[in-house]
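K.L.:
First the structure, which I've put down as structure tokens, then a few questions once you've had a look.
The values are calculated or read from the model by the stated rules, or taken from the named source; none is laboratory data. None of these values were measured; they are calculated from a predicted model. Note that we place each Cβ from the backbone using ideal geometry, even for glycine, and neighbour counts take in every protein chain shown.
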Amino acid sequence: MRMLAAFAAISTLLAAAPALAEVVHFTAKLDGAWETPPNDSKGVGAADVTLDTVARQITWKVSYSGLTGPATMAHFHGPAAAGVAAPVEVPMVPPLGSPIKGSATISDVQVGNLRAGLWYVNVHTAAHPGGEIRGQLSETH
């Protein structure tokens, strides 16, 4: 009987334990050829993003060089496949010098779109107000 009670107590504790967070990594290479529409910018960049699936928190580091001028804005956009424009999902807040670092909490729908490869990163400049460089985020394994 004691064994049964102990098993029940352990089962209850395990059932009440919080879900274990999974940390998922994403990367993107950014350049003008991936912008919508494409441009001939010599700028390049890279985005490294992590997602905590339980907290629904993304953390990012976006590095770039060779832009026509200072970054004026930078965002995550979605949902969209490569070559398709989409609205801003998460803005990156200043300072926007390379590397841009930050974090945000996102919704379950946004998590699904990010994991489906439907988010991209872009960096804007005065010369390219619609975006100078862009890269589609893909999950790394």
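K.L.:
Considering each of Gly45, Gly97 in turn, give the residue that is out of contact with any Asp or Glu (no Cβ under 6 Å at 6 or more places or on another chain) and surrounded by fewer than 19 Cβ atoms within 10 Å (Cβ to Cβ).
P.N.:
Selected residue: Gly97, the only one of Gly45, Gly97 that is out of contact with any Asp or Glu (no Cβ under 6 Å at 6 or more places or on another chain) and surrounded by fewer than 19 Cβ atoms within 10 Å (Cβ to Cβ).
K.L.:
So how many residues does segment 52-92 have that are touching a Gly at 6+ places or on another chain (Cβ under 7 Å) and either modelled with pLDDT under 95 or closer than 15 Å to Glu139 by Cα (or both)?
P.N.:
1
Condition check ((1) over 14 Å from the mean Cα position of the chain (by Cα); (2) in a strand (DSSP E or B)) across all residues:
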{"position": "Ala85", "(1), (2)": "yes, no"}
{"position": "Ala104", "(1), (2)": "no, yes"}
{"position": "Val109", "(1), (2)": "no, no"}
{"position": "Asn113", "(1), (2)": "no, no"}
{"position": "Asn122", "(1), (2)": "no, yes"}
{"position": "Gly130", "(1), (2)": "yes, no"}
{"position": "Arg134", "(1), (2)": "no, yes"}
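K.L.:
Being more than 25 Å from Val23 (Cα to Cα) and crowded, with 16+ Cβ neighbours inside 10 Å narrows it down to one residue among Gly83, Gly131; which is it?
P.N.:
Among Gly83, Gly131, only Gly131 is more than 25 Å from Val23 (Cα to Cα) and crowded, with 16+ Cβ neighbours inside 10 Å.
K.L.:
Further, regarding this structure: For Thr53, all conditions in the list (1) within 25 Å of Ala33 (Cα to Cα); (2) free of Cβ contacts under 8 Å to residues at least 60 places away in the same chain; (3) not small (Gly, Ala, Ser) hold save one; what is the number of the exception?
P.N.:
Answer for Thr53: the failing condition is (1).
K.L.:
Scanning segment 48-76 for residues that are in contact with a Leu (Cβ under 7 Å, 6 or more places away or on another chain) and small (Gly, Ala, Ser), which turns out surrounded by the most Cβ atoms within 10 Å (Cβ to Cβ)?
P.N.:
Ala74
K.L.:
What residue, among those in segment 101-128 that are β-branched (Val, Ile, Thr) and exposed (fewer than 13 other Cβ atoms within 10 Å of the Cβ), is nearest to Pro38 (Cα to Cα)?
P.N.:
Among those that are β-branched (Val, Ile, Thr) and exposed (fewer than 13 other Cβ atoms within 10 Å of the Cβ), it is Val109.
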